[in-house]
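The values are calculated or read from the model by the stated rules, or taken from the named source; none is laboratory data. Everything numeric in this text was worked out from a predicted model, so none of it was measured. Every residue, glycine as well, gets a Cβ built from its backbone with ideal geometry; the counts of neighbours run over all protein chains shown.
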Amino acid sequence: MACQAVYLADCYVGQDEWNRVRVDAWFTCFCDRNFASGETYCARGETVFARPKAATGPIQNVRGKIVVIDRGENTFFEKAQHAVEAGAVGVIFVNTDDDEPPPFVANAGERVQIPCVVVKRSWLTGRGARVGREMTITVATMGPSGTVDIEALAQGFRNVGQPFEDHAFPANLNSIFLDWRTPLPGYLKRKQAEKVFWKRPHELLDAPRLWVDCAVPNDIIQGQIGDCYFLAAAATLCPHNIRGLFVEERYFDEGLVAVQFFKNGEWLDVVIDTRIPCRDDEPEFVTRPVFVTRPQKKEFWMIMLEKAYAKLHGSYEMLDGGRMEDALQDMTGCPPASVGLADLFKDARNSDESLRKVKAMHLLQQTAHGRRLQGAQNEAGATEQAMGQGLLAGHAYSITSVHRTRSGEVLVCLRNPWGQGEWEGAWADNDTRRWTKELQKEMKFINAVDGTFFMSISDFANKFDTIAYVDLVPNSFSVYRTKGSWKGESAGGCWANNPQFVVTTKKPTDLTISLSQPDGKMAAVPSRVLHDTYEEYIGIDIFMGAQPLTQWNSTRLLRSAVYEAKRTISLNLALKPGGYVVVVSTYEPPSEMDFYMSFYSSQHIELTQL
């Protein structure tokens, strides 16, 4: 019996029974029949595979079955929709060996909300399947699909004797661009993209490894896409076990890696192969990865992390532009926030220098204590551009540490994900007047062109306008997550009818509530918009007492999170024992969409939706 591996292109995460899937199906393939109309294929005595009777006619009698669909005139999507309407539980797309799967297949499961698989025709007919020959097909979840059955995948590619190939994120331009026919301008241009080729790590150098030593910020050097926000966020996570995101690394040498991210209210496993987009840099024609890389060329963890993040969003292009606090949430599952420094210092910007230092230090001190991951941005430009003294506007920097010298000077250590391009003002690397030998020893200072630099807290407050961060949730806290929707009568705008939740605690409790709207980059039909902007303003109100609210009651109002057009907003509270009602809303009715909530509490709470 021969075995072939079929890899799931996508899986609808709302169907729990598909979160962990392994289906071993045996059926006989006849090369001269080629999926004739009305045929069924049996597995263990049950009809689980059904071929629609007509390519253009209605799909019938497929409830509870997996439907096999030939390509035919680019009607994959329409046929898949018909299959869903007829009650199918899955779709297998049969593609020719020479053609790449159409762009729809990469996110088919999300769009039609059932698992979708793409297979090559030769696996099922012709020389790939002789008359009467039985084949085993292993179907296993991939991509944004909850928990992945890695062992099923590993068994599949081991049986065929080839390194793992991810058909859901193929090694071609469809994985680089949202639409390869009209590439995104500015970074990787069309002519450059046409010269891209894909290589395995062992094809680039001898004895490659996923990890060489502990992850450090200097492992990261940005490539030719504008994902500085993601790379800066990853750099801040390096001292906090970024390796924990890699849920599977045993099969790196065999071409498979799995990474997890927190997206739309839950942790998702993303399986990728190890093929890397590369090009030959002129004039020396040295082969290098197109996107993120690092000086230690034997280590590939950052390249794999970025590729998994690109697959999660559909392509590398979808990583172009974003907010650092969103990327921090994606990698930690913790509540994100951002603070505008102009607002924080508006009463001190032109007056008391010492007050500005105190406020900035108060904001940054959590980083010094290891409880907060932070980055800095200057958003005074839609694109990256020089703003003087070595800094860039429209660019994200990691805040790697905060120090107070023995003389009392407060210094902020930042890193540019480019691996170069450093601050040129006071406390720059070449500021020999301030960097005495004694202070270099005290601060473990290294003068190197590595993108890492120090600034005084005053210069930091003057040069950057936003701090993005997540507060790490203590291990002792309990986490509660739920999903809801604003729909129909429950989409009432800034008041009227909106979803309500009752929180009950028997002990004094520190509680953080976060509310998220769907990630625009994960849309069923993504588009080239500013992916870090959101049209909907979302808000949170919490009221004292466990009784449902039928109208606004200011006497019961405890706290509110101001409406903001962000992916996620948060509210921090110190609750006394008792009951509380949490109301979540959009500012403008009738906004209908899903939302995701997380409750992080120091004590046990009871959570009920009214």
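Here is a yes/no grid of residues against (1) modelled with pLDDT under 95; (2) farther than 16 Å from Ile513 by Cβ:
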{"residue": "Asn553", "(1), (2)": "yes, yes"}
{"residue": "Glu564", "(1), (2)": "yes, no"}
{"residue": "Arg567", "(1), (2)": "yes, no"}
{"residue": "Gly579", "(1), (2)": "no, no"}
{"residue": "Glu588", "(1), (2)": "yes, yes"}
{"residue": "Ser591", "(1), (2)": "yes, yes"}
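If we scan the range 451-462, do we find a residue that is assigned to a loop (DSSP other than H, G, I, E, B), out of contact with any helix residue (DSSP H, G or I) (no Cβ under 7 Å at 6 or more places or on another chain) and surrounded by 17 or more Cβ atoms within 10 Å (Cβ to Cβ)? Yes, that holds for at least one residue. Screening Thr482 against (1) at pLDDT below 90; (2) surrounded by fewer than 20 Cβ atoms within 10 Å (Cβ to Cβ) leaves a single unmet condition, (1).
Selection of the range 531-574 for residues being touching a Cys at 6+ places or on another chain (Cβ under 9 Å) and assigned to a loop (DSSP other than H, G, I, E, B) yields only Tyr537. If you check Thr452 against the conditions, is it of a type in the set (Val, Ile, Thr) and in contact with a Gly (Cβ under 7 Å, 6 or more places away or on another chain)? Against the criterion (of a type in the set (Val, Ile, Thr) and in contact with a Gly (Cβ under 7 Å, 6 or more places away or on another chain)), Thr452 does not qualify.
Within the range 222-268, being assigned to a strand (DSSP E or B) and closer than 26 Å to Arg567 by Cα holds for Phe246, Val247, Ala258, Val259, Gln260, Phe261, Phe262, Lys263, Glu266, Trp267, Leu268. In the range 199-213, the residues that are within 20 Å of Ile272 (Cα to Cα) and touching a residue at least 40 places away in the same chain (Cβ under 8 Å) reach residues that are hydroxyl-bearing (Ser, Thr, Tyr) and exposed (fewer than 15 other Cβ atoms within 10 Å of the Cβ) with C-beta atoms within less than 9 angstrom, at least six apart or across chains, in these pairs: Lys199/Thr287; Leu204/Thr287. Condition first: among the basic types (Lys, Arg) and either assigned to a strand (DSSP E or B) or within 21 Å of Leu373 (Cα to Cα) (or both). Now tell me which residues in the range 389-411 satisfy that. Of everything in the range 389-411, just one residue is among the basic types (Lys, Arg) and either assigned to a strand (DSSP E or B) or within 21 Å of Leu373 (Cα to Cα) (or both), namely Arg404.
With respect to (1) within 11 Å of Leu515 (Cα to Cα); (2) among the polar types (S, T, N, Q); (3) part of a loop (DSSP other than H, G, I, E, B), the lone exception for Gln603 is condition (1).
Considering each residue of the range 580-594 in turn, none proves to be more than 25 Å from Ala337 (Cα to Cα), assigned by TED's automatic domain parsing to the domain that holds Ser516, part of a loop (DSSP other than H, G, I, E, B) and of a type in the set (Gly, Ala, Ser). Test Leu549 against the stated conditions and say whether it is at pLDDT below 90 and at negative phi. Answer is yes for this residue. Among the residues making up the range 200-219, those that are in a loop (DSSP other than H, G, I, E, B) and buried (at least 18 other Cβ atoms within 10 Å of the Cβ) are Pro208, Leu210, Ala215. Whenever a residue of the range 419-430 is under 19 Å from Ala396 (Cβ atoms), its partners that are assigned to a loop (DSSP other than H, G, I, E, B) and among the aliphatic types (A, V, I, L, M), lying with C-beta atoms within less than 7 angstrom and at least six residues away or across chains, give the pairs Gln420/Val449; Glu422/Ala428. If you go through the range 455-485 and pick out every residue that is closer than 23 Å to Gly340 by Cβ and not small (Gly, Ala, Ser), you end up with 14. Of the residues making up the range 485-506, none is in contact with a Leu (Cβ under 9 Å, 6 or more places away or on another chain), under 30 Å from Gly314 (Cα atoms) and either small (Gly, Ala, Ser) or at pLDDT 90 or above (or both). Please tell me if Ser145 is among the polar types (S, T, N, Q), closer than 17 Å to Val270 by Cβ and at pLDDT 75 or above. Answer is no for this residue. Consider the range 254-271 and keep the residues that are among the aromatic types (Phe, Trp, Tyr) and in contact with a Phe, Trp or Tyr (Cβ under 8 Å, 6 or more places away or on another chain). The one that is nearest to Thr332 (Cα to Cα) is Phe261. Scanning the range 485-505 for residues that are surrounded by 15 or more Cβ atoms within 10 Å (Cβ to Cβ) and assigned to a strand (DSSP E or B) yields Trp486, Gln500, Phe501, Val502, Val503, Thr504, Thr505. For the range 220-263, residues that are at pLDDT 90 or above, surrounded by 18 or more Cβ atoms within 10 Å (Cβ to Cβ) and among the charged types (D, E, K, R) total 2. Scan the range 434-450 for residues that are exposed (fewer than 13 other Cβ atoms within 10 Å of the Cβ) and either under 30 Å from Val583 (Cα atoms) or in contact (Cβ under 8 Å) with a residue 24 or more places away in the chain (or both) and the total you get is 1.
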